[in-house]
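The values are calculated or read from the model by the stated rules, or taken from the named source; none is laboratory data. Keep in mind that what you see is a predicted model, and the values were worked out from it rather than measured. Glycine also receives a Cβ, built like all others from the backbone with ideal geometry; neighbour counts cover every protein chain displayed.
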Amino acid sequence: MHPAFSVVFFTTATGAGYGLLAMLGVLGPLGLIAPDFWPGFVGIGLALGLIAAGLLSSTRHLGRPERAWRAFSQWRSSWLSREGVLSVITFIPAGLFGLGWVFLGRLDGWVAAAGVLATFGAFVTVCMTGMIYASLKPIAQWHSPYTLPGYLIFSAMSGCVLVNALLQGFAVGSTVPLAASVLLTLLGWGWKLATWRHNDQLEIATNANTATGLSGGTVRSLEWPHTEENYLLKEMGFRIARKHSAKLRRITQALAFALPILLLTATFALPWPFAAVSSGLAAIVQFTGMLVERWLFFAEAKHTVTLYYGR
Amino acid sequence: MTCLPSPGGKKLGLVVDLDTCVGCQACVTACKEWNTGGHMAPLTDIDPYGGHVDGVWFNRVHSYEHITEMGGRTVNFPRSCLHCETPACVTVCPTGASYKRASDGIVLIDEDKCIGCKLCSWACPYGAREFDTDVGVMKKCTLCVDRIYNDNLAEGDRVPACVAACPTSARHFGDLGDPQSAVSQLVADRGGVDLMPELGYRPTNKYLPPRAHTQRAASVPAKALEPVRAEGAFLGWVDRMLSS
Amino acid sequence: MQGPRGANSAPSQRQLADTRAPDEGDGVDTSPDVSDSIAKTTCYMCACRCGIDVHIKDGKIRYINGNKDHPVNRGVICGKGSSGIMQHYSPARLKKPLLRTGPRGSGEFREIEWEEAFSIATERLSHIRRTDPKKLAFFTGRDQSQSLTGWWASQFGTPNFAAHGGFCSVNMAAGGLYSIGGSFWEFGEPDWDNTKYFMLFGVAEDHDSNPIKIGLGKLKARGAKVVSINPCRTGYNAIADDWIGIRPGTDGLFVFALIHELLKAGRVDLDYLLRYTNAHVLVIQDPGAADDGLFLRDGDSALVAWDRVAKTSVNATDPDAKPALTGSFTVDGRRCVPVFRLIADRYLDESYAPDAVAGRCGIAADTIRRIAAELAHVAFEEVIELPVAWTDWAGRRHETIKGRPVSMHAMRGISAHSNGFHTCRAIHLLQVLLGTVDVPGGFRFKPPYPRSAPPGPKPCGKDVRPMTPLDGMPLGFVCGPDDLLVDEAGTPLRIDKAYSWDSPLAAHGLMHTVIRNAWAGDPYPIDTLLMYMSNMAWNSSMNTVETMAMLTDRDEAGNYRIPFIIYSDAYYSETVPFADLVLPDTTYLERHDCISLLDRPISHADGPGDAIRHPVVEPDRDVRPFQSVMIELGARLGLPGFVNDDGSAKYSDYADYIVNHERTPGIGPLAGWRGKEGTSIGKGEPNPDQLQRYIDNGGFWHHDFTDDQRYYKMANRSYLDFAVQLGFIPKAEPVVFQLYSEPMQRFRLAARGHGRVVPPEGERRRIETYMDPLPFWYMPFEEQAVDLEKYPLHALTQRPMHMYHSWGSQNAWLRQITSQNRLFVHHRTAAGLGLVDDDWVWIESINGKVKGQIKLVDGVNESTVWTWNAIGKRRGSWGLKDNAAESNRGFLLNHIIGDQTSADASGRRYSNSDPVTGQAAWFDLRVRIVKCADEEAGFTEPQFERFRQPPHFEPSPDKLTFGAEFRRAREAAE
């Protein structure tokens, strides 16, 4: 699949944003964060900012963005529509939660309830995002049990690392989010490795034989219906060399997982402001790594239409 | 509405005979020609005279070599929308632009509702949908919905353009929901198959596999020729034949 | 006879039982208005001449579909036909007459008015006509008006006329016409409805396109067996039940091996041979005599046979005789044998046995034996009889029409070899031995064929004088050396050397030799080369690079060696920039044309037909139909037949000519609705309403035979009488298939020094060898000449189906399908050379090298590589942008096909052509392929300078939204 930056950024940013929102929505009411203005303002602002930037970026993938509002209508059948609906709905508790925290300085009562609802909304929205991909049967690498948990894990991971950075930044860091960040990053790493392993060993029942209905033997593409690349090939015929892919997987592991773990582990031993710097760096490096991961998520996904082109 | 209609009786679709298709591209350009001025007009061509030419087409013909232990065969393979019974391209659509008609099973796009998110093309395993970058909406085969019921065309012309054009009669059209219809009979007689049945889209269109190397292959029960053995060999035979 | 209307009318191809739109409620307009009017005319996207319905909406062409009533295509339409819109609106259309301003070949022109164009042409041609008319060479390409253009040349007085048949498929035409009085091509067709076994030799898309496809569809629906003999497994060959991937140029051997097997097993139709062929005619056996090998004739010049019952010689045409087919007889002191004896002797020879030819053909001997057995089985065990009584030429009544349901079709793959004439004759011989020509289930003639083998008219042009028309048409059929167009010394009289010792039976001329010969002044220099619709500076020439150089070469004085070139075409092709004067033609939807029985009609085996084109839309440019231009030029020159007695123009334009011209009294270009009242067919006075009658009838006229006229046309009294009545043949005499060709033997005798006209010493061996009266096989010339270890591969080209005969690369739709051609290489061959898919290679022949990209395949003869032809384009032509794949990655194999043979022992080089007919031997090419260096990959070579664009040529658009306007209008109307 063509790794369009608008979509790569969309899923990465909203994943991180919803993760951060979800973390704030839980940690606040649990009393693990004080209802101070700045952490609230920056935290919720960053979460909603990431979500909004992601959603905005996704509209760049649209041919007719001015009609984007229509996407809320088909929630009964479409994961994309559901995602749209939920992303908007989630803004309500998230907004209330933010108002309560930032302007009223409280994290209890209805604000806490709003926080929990926002967390729930974030969770479900990320589920919807995951399902958009997990539901696509023509793409075996996505239509797998690894996709949905992956989206959730990466969202939680990015969110947690961001929360940690936030708290460390305001010198209110604590072991729980820090440890959780390390653990979630480890989990994310493991999940990604498992996903890759799964995808590399995929035995896909759909092949050139079933695609053409020609049973037995081999089916080789002789000539395409057109000489130059068409929409199908540009959108779904993206190919990445094995060597290139391996390199990017190493980069992903380094940036999204290994380096953040190193930095976060170091944070345990570092005083403020160094802890803040290392935590912030971990978040930034991880976000960059997740962009690479998401780019690969698309680039390594093979659509069945490529079978018709002998790819 | 992108929820699928409850299965109706009628399933209009095409049957493509891979044993007969010579790959002449007649169906391809007949489709382009009708549809570029038809229901989904235009089928935009970008850079039509340049090095990156890329147009919207609803029907494309590939060619393959199918090699089995029985030998090799070149297969020309037209590919277009299969008007599936459970088309994910419809259910994934967030806007209701993509829909399956309850009355005849045709899968269509309401261009006015399409936001151009392209998800339907991702959901289609067959590459049946092509995006018109100029207009910003997805386009696809309409099964010539503006021909098959068209009061302004002579009755006999109310078939999809690709079927009307096909010089080898390799394309057929009808109601595959009716087991008694001529197309359903053809599919039954010739062992018609679904494409990618394992994905569960339940395509309406069927493909008739090539007959070579099958029990359906044309064959001649000829005995090996024996040289004329009698006196005078061949010329003697000629004389005897003429005198008899 | 026609069955349901239209070819695609199986129950599974018809409209729904109920075509009322269901009440879906989705707002879809299921009944949009599709056209304001429908014009029925004739397609010209290729040579097939299908009937089309052009739907006009808001003054623009909305779409084009097949005419269901048309006898050629019966409603279907091919990939080209449906793309006609893009041809019609092509950005490469010429806009105005052009006069060259820059050097020839640069593309620098200025626009001129038609009046200036006419006066330049008239002045030049008028001078030529007054001094030496043969200094005008007039050659046309995909011309469907040869009865006009040939007549124009004849009235001008130049013998130097031909169309492109010489490099197209004259071997098929001549091979058939000299054998059975008809030919494959589009002049005959298998009996698609009845055949049970169909053999297809060397056919890609080819003539004629939709009828073959419709026919194949019928065979497939019926389960008849299709056997294809072709090195490439594409297109029609892909759907064959049996694909025989023969080595190029060896089809003759394969066919002889089949004949060998059939003869050996006594599986030939003796009765058919006796009735319809010259198998029983006695041939003089008197080595050294002036009539050795000619037919024995009695006192009345009648052919003689030996009656095996009466034991005496008899008139060979006596229907009551019992002729012998074997033996040796002495008649009037002359030793003679029947033709059939010679046939048996030759093909029973073990050198034609399957085991002897298998290696050369690349076909297992068992496969050859199996095919022979299958042919015999179907021909003799599956005989069909139609319950229709008919009467033969001799008055014998037959209660049924009996047929042997084996049929064959052959085209370019046979034709385009230097041994193609004999191979074509071999296929006809095979058909005739099986008794399957013009019988139910067999190969059938389309009227006006069959004609006598060969047909009557001889080529004219022996006596060329100023201001004097030729005494007939320039092209015809020679029957012996006396008919050749050579002078006393044996020097050719025609610029293309047709009908010379180089190519005696050159029935279509040799357009492919004209540029070289005119450049070399061999046999003489010319003044003006007038060409129409043929891309001679690119894909219609062999040896393109040198051809372009010859077109621009100058003599010592700095004058062009070919002094003046006039060219007419509708589009800015690679040839236009080489013209001095360009006459812009219209598109096929803007003109009148007639597809005439005098030329290449639309007949099918069940009846004659002809058709017209008529203007469907008005030109939006200052262009004129070429035929009307020639008619006006003829009038300005005062050519007889083009002017009235008072010197005024006889015809206002081509339409006027089509209606009012009479070639002989009562016979004109169109056969339908003749006579004042429009009630006659074939012969009759001109009918002023004739064109309207055609338009009213859908653009064509067609006459259906009665049931008893449909078969055995070579000997069917009812048909023959009809053919005389329509003017197809002069007398109701049977057409006798010439298994043994006496005209060819006459050339052989001349080579032995007999007769008035004899070849020069140096030509005698060649004439003796190749003018064999019985078909034989020899190795194609290039294969004979080159080091086969150095050039181990055959190289072929074919046009893709969606571009055959069409100028496809300017077509925005068709070029999307193919804008780069690959060289297809068998994967084992590639593996042996260390090549993999997508590699760039040099393709090298003895003539040069060209670079392209390969694609590995399984379905090709292992010693053969091939590519799609004419995809490679020169930069600056056809309205294509500079980055178009056609001029960057596509390549033209023509660059490395020689236009001449290698020098023989005496240093003599002939045209790279069949020695009998002059057919260009495109497919003789031998190559090797070599992987190119890394830095050479990715682009084709050789490259040529980009052509400048003519004045007022807009850059081609970056986007096409054709059809959007119809939708806007529909929506606005709602």
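For the stretch C:248-258, the condition holds for no residue, the condition being that it is more than 10 Å from chain B (Cβ to nearest Cβ), part of a loop (DSSP other than H, G, I, E, B), in contact with a strand residue (DSSP E or B) (Cβ under 8 Å, 6 or more places away or on another chain) and among the polar types (S, T, N, Q).
If you scan the stretch C:871-918, which residues turn out to be out of contact with any strand residue (DSSP E or B) (no Cβ under 8 Å at 6 or more places or on another chain), among the hydrophobic types (A, V, I, L, M, F, W, C) and crowded, with 24+ Cβ neighbours inside 10 Å? C:Ile871, C:Leu880, C:Ala884, C:Ala885, C:Val916 - these are the residues of the stretch C:871-918 that are out of contact with any strand residue (DSSP E or B) (no Cβ under 8 Å at 6 or more places or on another chain), among the hydrophobic types (A, V, I, L, M, F, W, C) and crowded, with 24+ Cβ neighbours inside 10 Å.
For the stretch B:120-135, the candidate set comprises residues that are buried (at least 24 other Cβ atoms within 10 Å of the Cβ) and more than 8 Å from chain A (Cβ to nearest Cβ); within that set, the residue that is nearest to A:Ala301 (Cα to Cα) is B:Cys120.
Among the conditions (1) out of contact with any helix residue (DSSP H, G or I) (no Cβ under 7 Å at 6 or more places or on another chain); (2) within 14 Å of chain A (Cβ to nearest Cβ); (3) at negative phi, the only one that B:Met138 does not satisfy is (1).
Hey, can you tell me all the residues within the stretch A:24-63 that are in a loop (DSSP other than H, G, I, E, B), away from chain B (no Cβ under 14 Å) and in contact (Cβ under 8 Å) with a residue 12 or more places away in the chain? Break it down stepwise before answering.
Going through the stretch A:24-63, the residues in a loop (DSSP other than H, G, I, E, B) turn out to be A:28-36, A:60-63.
Checking which are away from chain B (no Cβ under 14 Å) leaves us with A:28-36.
Selection gives A:Gly28, A:Pro29, A:Gly31, A:Leu32, A:Ile33, A:Ala34, A:Pro35, A:Asp36.
Is there a residue in the stretch C:215-227 that is in contact (Cβ under 8 Å) with a residue 60 or more places away in the chain, assigned to a helix (DSSP H, G or I) and more than 14 Å from chain B (Cβ to nearest Cβ)? The answer is no, given that none of the residues of the stretch C:215-227 is in contact (Cβ under 8 Å) with a residue 60 or more places away in the chain, assigned to a helix (DSSP H, G or I) and more than 14 Å from chain B (Cβ to nearest Cβ).
Assess whether B:Ala154 counts as being surrounded by fewer than 24 Cβ atoms within 10 Å (Cβ to Cβ), within 17 Å of the chain's Cα centre (by Cα) and either in contact (Cβ under 8 Å) with a residue 60 or more places away in the chain or away from chain A (no Cβ under 14 Å) (or both).
Working: surrounded by fewer than 24 Cβ atoms within 10 Å (Cβ to Cβ): yes; within 17 Å of the chain's Cα centre (by Cα): no; either in contact (Cβ under 8 Å) with a residue 60 or more places away in the chain or away from chain A (no Cβ under 14 Å) (or both): yes.
No.
Scanning the stretch A:199-247 for residues that are of a type in the set (Lys, Arg) and more than 7 Å from chain B (Cβ to nearest Cβ) turns up A:Lys234, A:Arg239, A:Arg242, A:Lys243, A:Lys247. Going by what's in this entry, would B:Gly72 be described as under 26 Å from B:Pro7 (Cα atoms), out of contact with any helix residue (DSSP H, G or I) (no Cβ under 7 Å at 6 or more places or on another chain) and more than 8 Å from chain A (Cβ to nearest Cβ)? No.
Each row is one residue, and each column tells you yes or no for (1) farther than 23 Å from C:Ile414 by Cβ; (2) in contact with a strand residue (DSSP E or B) (Cβ under 8 Å, 6 or more places away or on another chain).
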site	(1), (2)
C:Phe776	no, no
C:Tyr791	no, yes
C:Ala812	yes, yes
C:Gln816	yes, yes
C:Gln820	yes, yes
C:Trp840	yes, yes
C:Lys851	yes, yes
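Comparison of C:Gly75, C:Gly107, C:Gly102 shows that the only residue that is within 14 Å of chain B (Cβ to nearest Cβ) and not in a strand (DSSP E or B) is C:Gly75.
Being hydrophobic (A, V, I, L, M, F, W, C), part of a helix (DSSP H, G or I) and in contact (Cβ under 8 Å) with a residue 12 or more places away in the chain is a description that applies to B:Val163.
In summary, B:Val16 fulfils each of the numbered conditions (1) more than 7 Å from chain C (Cβ to nearest Cβ); (2) closer than 13 Å to C:Ile85 by Cβ with the single exception of condition (2). Scanning the stretch B:205-223 for residues that are more than 20 Å from C:Ala10 (Cα to Cα), more than 11 Å from chain C (Cβ to nearest Cβ) and among the hydroxyl-bearing types (Ser, Thr, Tyr) yields no hits at all.
From the list A:Gly115, A:Gly84, A:Gly98, exactly one residue is closer than 22 Å to A:Met157 by Cβ, crowded, with 24+ Cβ neighbours inside 10 Å and not hydroxyl-bearing (Ser, Thr, Tyr). Which is it? Going through A:Gly115, A:Gly84, A:Gly98 in turn, the sole match is A:Gly115. When the stretch B:75-106 is limited to residues that are closer than 16 Å to B:Phe131 by Cβ and of a type in the set (A, V, I, L, M), the one that is nearest to the other protein chains (Cβ to nearest Cβ) turns out to be B:Val92. Among the residues of the stretch C:303-331, just one is away from chain B (no Cβ under 14 Å), touching a residue at least 12 places away in the same chain (Cβ under 8 Å) and over 24 Å from C:Ala715 (Cβ atoms), namely C:Val331. Residues of the stretch C:540-558 that are touching an Asp or Glu at 6+ places or on another chain (Cβ under 8 Å), of a type outside the set (Asp, Glu) and either assigned to a helix (DSSP H, G or I) or surrounded by 24 or more Cβ atoms within 10 Å (Cβ to Cβ) (or both): C:Ser541, C:Met542, C:Thr547.
Looking for whichever is under 35 Å from the mean Cα position of the chain (by Cα) and within 14 Å of another protein chain (Cβ to nearest Cβ) here; the options are C:Tyr276, C:Tyr272. Which one fits?
On the way: C:Tyr276 fails: within 14 Å of another protein chain (Cβ to nearest Cβ).
The conditions single out C:Tyr272.
Of all the numbered requirements in (1) within 9 Å of another protein chain (Cβ to nearest Cβ); (2) surrounded by 16 or more Cβ atoms within 10 Å (Cβ to Cβ), C:Ala39 misses one, and that requirement is (1). Taking (1) at pLDDT 95 or above; (2) more than 14 Å from chain B (Cβ to nearest Cβ) in turn, C:Ser906 satisfies each apart from (1). For B:Ala164, the conditions (1) on the phi > 0 side of the Ramachandran plot; (2) more than 14 Å from chain A (Cβ to nearest Cβ) are fulfilled apart from (1).
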